[in-house]
Ligand code: NAD
């Protein structure tokens, strides 16, 4: 199929008038017809969004987005390149002067309208997230809710956008700071939260008055396009938000290196983050990185074990373990180890894996062949390293699993220090490690290169507070799993999880604004700071 010549029906009158797919997002979806041995076929096409218009890629190249549960092709998408990024930047530059002058509360009104459209379409968008990314439907709808929550929250920031006022060392002089947009910003996002992560970046960048070139993951372009269309419908002026789908090495690189893009906001893997940071730093750009992790959950001997088990199952196998905050290591006190392990394995074996649109299913597929291969390699590596495979570990292939990328929920009994206990697997693979004390648990928890999320289950309030101080992560949960952040708090990590940036909450305003210091002298004469007075 990859080699077939695709024709955009809209531009090719000889093949008939356009046939729009019946869906609420008509504009961004054209219909492609192509001739094959089986006859004329039609397929949906997802386009680029530049300067307020849905358009094909300048090269005419396309790529497919598929449903990871069925391998069904959902759409063909325009594969942009450097030329398309350049057009998107032109549009962003053109619209910046006007957009930055729109009062922030007015920008907030548009964002609030976008939140309301998301709310109206929550069910169908949740389904789209599930179809394109593979998380179970409750999580698909939960993700839409997260986007709604954040946009509602950040719209309100339009009425804060706080600066400082302070005193001066000289008389008849006032000092203050004001926030200004950075300019043209590049937003690059992953596939595991295809609606929520873009909404965090786009919402914060927009309220602050920036204009945007947005590149979503090539695994989930439809979700991204649905969000962009909602912003367009909400009244965003042309050119303020532009989306270029396509490969990391063309579109991504052009965003990172583009001279006119002042800041890059990236969420994704560590290797990509490292490369982006080093390339962008040569251009002295601002870079915000939200990367991977290896999140620990500690179960102490005084924990509510039933509660901890619920948390482990949700934290480890929710989203098939494909969350940056997923619980990938459980550190269990030796006194309760056998009890926790027995029940954990029993309940993990009982998880229903299957069609993520079926509400009774606990865990869907992983998001694609490449992801599946990487996870299976790690499972193989775990066995070779000497970890004990307690349950799961295989790709599911029979019957309903004949198509799609399903892996059994997997548990290893491991010792700290193996690669499977230190590297991000990003799949339904959990390592359980026995520890002898709180001190050992903290030492093991912290002995990784990452630091996004952590959790401790204990009934000892003093120990809980100590853990907040001791765990080296950007997020810590007490008696709750490592997943479940709320949008009005900052989100981000330490060590290799990032470079100190935080998203969500009011911190996200900092990512997308420059702070200007202003001195107002009303003395009517030249006053010399540091020299007189
Ligand atoms: P990825 O790094 O492969 O890709 C992320 C995005 O960056 C994609 O759009 C990709 O096309 C683009 N990209 C990749 N290399 C690039 C380059 N050199 N230059 C420019 N663009 C480039 O990550 P992924 O597989 O899509 O997502 C999974 C990763 O994301 C995991 O490591 C996960 O932990 C991380 N993640 C982190 C957070 C967080 O907030 N810390 C949230 C979600 C996901």
Find the residue count for segment 149-159, including only residues that are over 12 Å from residue 486 (Cα atoms) and part of a helix (DSSP H, G or I).
6
Taking the conditions exactly as written (more than 16 Å from the ligand (Cβ to nearest atom), in contact (Cβ under 8 Å) with a residue 24 or more places away in the chain and either within 30 Å of residue 161 (Cβ to Cβ) or crowded, with 23+ Cβ neighbours inside 10 Å (or both)), does residue 509 satisfy them or not?
yes
Options 95, 14, 58; residue that is modelled with pLDDT of 55 or more and not in a loop (DSSP other than H, G, I, E, B)
95
Please indicate, with yes or no, whether at least one residue in segment 432-446 is free of Cβ contacts under 8 Å to residues at least 40 places away in the same chain, buried (at least 17 other Cβ atoms within 10 Å of the Cβ) and in a strand (DSSP E or B).
no
Which ones in segment 467-501 are within 30 Å of residue 167 (Cα to Cα) and either touching a helix residue (DSSP H, G or I) at 6+ places or on another chain (Cβ under 7 Å) or part of a strand (DSSP E or B) (or both)?
490, 501
State yes or no: is residue 320 more than 10 Å from the ligand (Cβ to nearest atom) and within 25 Å of residue 194 (Cβ to Cβ)?
yes
Filtering segment 203-221 down to residues that are touching a helix residue (DSSP H, G or I) at 6+ places or on another chain (Cβ under 7 Å) and within 14 Å of the ligand (Cβ to nearest atom) yields 204, 213, 214, 215, 216, 220
Being away from the ligand (no atom under 16 Å from the Cβ) and farther than 19 Å from residue 304 by Cβ: is that true of residue 344 here?
no
Against the definition (modelled with pLDDT of 95 or more and closer than 29 Å to residue 492 by Cβ), how does residue 337 come out, yes or no?
no
Tally of residues being more than 11 Å from the ligand (Cβ to nearest atom) and within 21 Å of residue 446 (Cβ to Cβ) across segment 260-301
6
Confirm whether residue 464 is more than 25 Å from the chain's Cα centre (by Cα), assigned to a helix (DSSP H, G or I) and buried (at least 18 other Cβ atoms within 10 Å of the Cβ).
no
Scan segment 352-381 for residues that are under 25 Å from residue 475 (Cβ atoms) and crowded, with 17+ Cβ neighbours inside 10 Å and jot them down.
362, 363, 364, 366, 367, 371, 375, 378
Criterion: in a helix (DSSP H, G or I), within 23 Å of residue 143 (Cα to Cα) and within 28 Å of the chain's Cα centre (by Cα) - qualifying residue of 382, 404, 318
318
If you go through segment 347-365 one residue at a time, how many are more than 14 Å from residue 411 (Cβ to Cβ) and out of contact with any strand residue (DSSP E or B) (no Cβ under 6 Å at 6 or more places or on another chain)?
11
Every residue from segment 190-202 that is within 6 Å of the ligand (Cβ to nearest atom) and in a loop (DSSP other than H, G, I, E, B)
190, 191, 192, 193
Residues that are touching a helix residue (DSSP H, G or I) at 6+ places or on another chain (Cβ under 7 Å) and more than 11 Å from residue 242 (Cα to Cα), drawn from segment 72-85:
74, 75, 77, 80, 81, 82
Does residue 517 satisfy being modelled with pLDDT of 95 or more, closer than 30 Å to residue 185 by Cβ, more than 16 Å from the ligand (Cβ to nearest atom) and loosely packed, with under 14 Cβ neighbours inside 10 Å?
yes
Only one of 59, 124 is surrounded by fewer than 24 Cβ atoms within 10 Å (Cβ to Cβ) and under 17 Å from residue 220 (Cα atoms). Can you tell me which?
124
Just checking, how many residues over segment 252-278 are touching a residue at least 24 places away in the same chain (Cβ under 8 Å) and under 17 Å from the mean Cα position of the chain (by Cα)?
11
Which one of the conditions (1) within 17 Å of the chain's Cα centre (by Cα); (2) free of Cβ contacts under 8 Å to residues at least 40 places away in the same chain; (3) near the ligand (Cβ under 8 Å from one of its atoms) does residue 249 fail to meet, given that it meets all the rest?
(1)
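The values are calculated or read from the model by the stated rules, or taken from the named source; none is laboratory data. Source: prediction; values computed, not measured. Cβ sites come from the backbone with ideal geometry, for glycine too, and all protein chains shown count toward neighbours.
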